[in-house]
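Enquirer: Here's a structure for you.
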Protein chains: 2
Amino acid sequence: MSIEIYPIRGIPEVVPGDDLAALIIEGLEASQISLFERDVLVITHKVVSKAEGRIESAPDDRAYRNLAEREARSILRRRGDLLIAQTEHGFICANAGVDRSNVADGLAVLLPVDPDRSAHRIRLRIERMTGVSIAVVVTDTFGRPWRRGLVDVAIGVSGLPAILDLRGESDAHGRTMNVTEIAIVDEIAAAADLVMGKADGIPAAVLRGLDLTGDGRATDLVRPPEEDMFR
Amino acid sequence: MSIEIYPIRGIPEVVPGDDLAALIIEGLEASQISLFERDVLVITHKVVSKAEGRIESAPDDRAYRNLAEREARSILRRRGDLLIAQTEHGFICANAGVDRSNVADGLAVLLPVDPDRSAHRIRLRIERMTGVSIAVVVTDTFGRPWRRGLVDVAIGVSGLPAILDLRGESDAHGRTMNVTEIAIVDEIAAAADLVMGKADGIPAAVLRGLDLTGDGRATDLVRPPEEDMFR
């Protein structure tokens, strides 16, 4: 089994009310990519949020900070202008996911209200338009404690497990692996970012070759507070 | 630009003193993969550690815990048998990277003493044997605060930047992006894990299509304590 990842080019600037599924299909055609059964369509949430109208005015730093505080369910840390906050979905990230990059001056993009549902809706619409069964992963770019640099992670998923549970399976030595839950959709998100590139404005990619179906949600990735040692 | 990722099959069980570069080249031949210029060879540290003799006896839980404590530079949290510790390299992970999976009963595998140097040495040896310029990434499987599930990350690198610094570049709106340092080698590690699979005993993969060279180290990813809000 090998994996291929293709960037989807030609998706125009997305505005509220756009039919994102249709724009992605046009992008696939412009990029000369045919969808195959079980392909995984990876989409940065930025275009999902824009299509869903999750854009607000943020004319200055103060307005931006207020937006981030409003989107936060709780705030873990504050340093200067940076807020590490938990969103209503349960994700913990900078500024509760409110972001001013890749959007026009004076505006900020919020996370989708329910990114798992967004992924599901886009998946159904693309399946209906193309007749091909796919999975969809919606991503955002998160920092991490302890490790420098940002990585893309999954904040929405449809048609895949969020976590691959290998507990109980045997390793190559016949030992039962006891703590091996793989955050497979986060690995998919990170992989797809390799062809998207922050500066290039490529908001989606197709990942092919992962022979996997399932019914997970990105909120499965939220670690319950009682299991979390770093709040 | 598209990315392809190929699993390297046919690498036998590695024992101390093995010439890992030679075993990988045999695996490439068995898998019918030809190396191309700028291919990235991704290797789980488990086989690097074994070849380097970083295996110790851990006949019971207590011996295992003692090993983990010995490998830790400092301990951040303790819960039951689980230790979240900083290694001598600076990485923060479970049990200071000491692991009992994918190794014979009664043994535990430690992290390489200097995984960046291991990556560099393997790279030079493979380049000498094949005449092809490549990059090498050595990986481990880490948990994360806040998010359930494990992902593969880079603990050693040669021939690539660890972090892609897009600060100062413009986004698709012509805005200067101010906080966009991408942990590109962690994204590469996560991507490669998609074809390796914890249970399958595939310890290496080739990632092709990433047109990147550089001179980073995985220790570049260690966030300095004064920048870290979650110790």
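Read the figures in this text as sums done on the coordinates, not as results from a lab. Because the structure is a prediction, the values reported are computed rather than measured. Quick reminder, even Gly has a Cβ in these numbers, built from the backbone with ideal geometry, and neighbours come from all protein chains shown.
Enquirer: State to the nearest 20 debye the size of the charge dipole of the protein assembly as shown about its Cα centre, where the only charges are +1 on K and R beta carbons and -1 on D and E beta carbons. Walk me through the numbers on the way to the answer.
Expert: Values: 56 positive and 74 negative charges, 206 e Å.
Here the size comes out at about 1000 debye.
Enquirer: With the label 7 angstrom out along Cα to Cβ, how close does A:Arg117 come to the same site in each of the other copies, in nm, nearest first?
Expert: Shortest to longest, the spacings are 5.6 nm.
Enquirer: Sticking to Cα atoms, compute the Rg of the protein assembly as shown to one decimal and its Dmax as the biggest Cα-Cα distance, whole number, in Å.
Expert: For the protein assembly as shown, the Cα radius of gyration and maximum Cα-Cα distance read 21.5, 62 Å.
Enquirer: Copy-to-copy spacing for A:Glu56, label 7 Å out on the Cα-to-C-beta vector, in nm, shortest first?
Expert: Once sorted, the set of distances for A:Glu56 reads 5.3 nm.
Enquirer: Using Cβ counts within 10 Å as a stand-in for footprinting exposure, how do A:His45, A:His120 rank, fewest first?
Expert: Working: A:His45 27, A:His120 18.
The fewest-first ordering by Cβ neighbours comes to A:His120, A:His45.
Enquirer: Rounded if a/c is under 1.5, else prolate if a/b beats b/c, else oblate: with a ≥ b ≥ c from the C-alpha gyration tensor eigenvalues square-rooted, which is segment A:55-111? Don't skip to the answer; put the middle values down first.
Expert: Working: a/c = 2.11, a/b = 1.51, b/c = 1.40.
Here segment A:55-111 falls in the prolate category.
Enquirer: Scaled to the compact-protein estimate 2.2 N^0.38 Å, what is the alpha-carbon radius of gyration of segment B:79-132, rounded to two decimal places?
Expert: Numbers: Rg = 15.2 Å, N = 54, 2.2 N^0.38 = 10.0 Å.
It is 1.52.
Enquirer: Straight-line reach only, C-alpha to C-alpha below 14 angstrom: list the aspartates and glutamates that B:Lys50 could link to, leaving out same-chain residues fewer than 8 apart.
Expert: B:Glu13, B:Asp18, B:Asp19, B:Asp99, B:Asp114, B:Asp140
Enquirer: Which of A:Ala68, A:Ser101, A:Leu83 sits closest to the plus end of the dipole of segment A:55-111, meaning its Cα is farthest towards the positive end, when Lys and Arg get +1 and Asp and Glu get -1 on the C-beta?
Expert: Positive-end residue among those listed: A:Leu83.
Enquirer: Okay, next question. Exposure proxy check: B:Asp114, A:Asp165 ranked by fewest other beta carbons within 10 Å? If you can, show how the numbers build up before the last one.
Expert: Working: B:Asp114 16, A:Asp165 12.
Going from sparsest to densest Cβ surroundings: A:Asp165, B:Asp114.
Enquirer: Once a ≥ b ≥ c are taken as the square roots of the eigenvalues of the Cα gyration tensor of segment A:105-231, is the result rounded (a/c under 1.5), prolate (a/b larger than b/c) or oblate (a/b not larger than b/c)?
Expert: On the way: a/c = 1.72, a/b = 1.23, b/c = 1.40.
Here segment A:105-231 falls in the oblate category.
Enquirer: Is the C-alpha gyration tensor of chain A telling us rounded, prolate or oblate? Criteria: a/c under 1.5 is rounded; beyond that, a/b larger than b/c is prolate, otherwise oblate. Intermediate values should be presented prior to the final figure.
Expert: Working: a/c = 1.95, a/b = 1.09, b/c = 1.79.
Here chain A falls in the oblate category.
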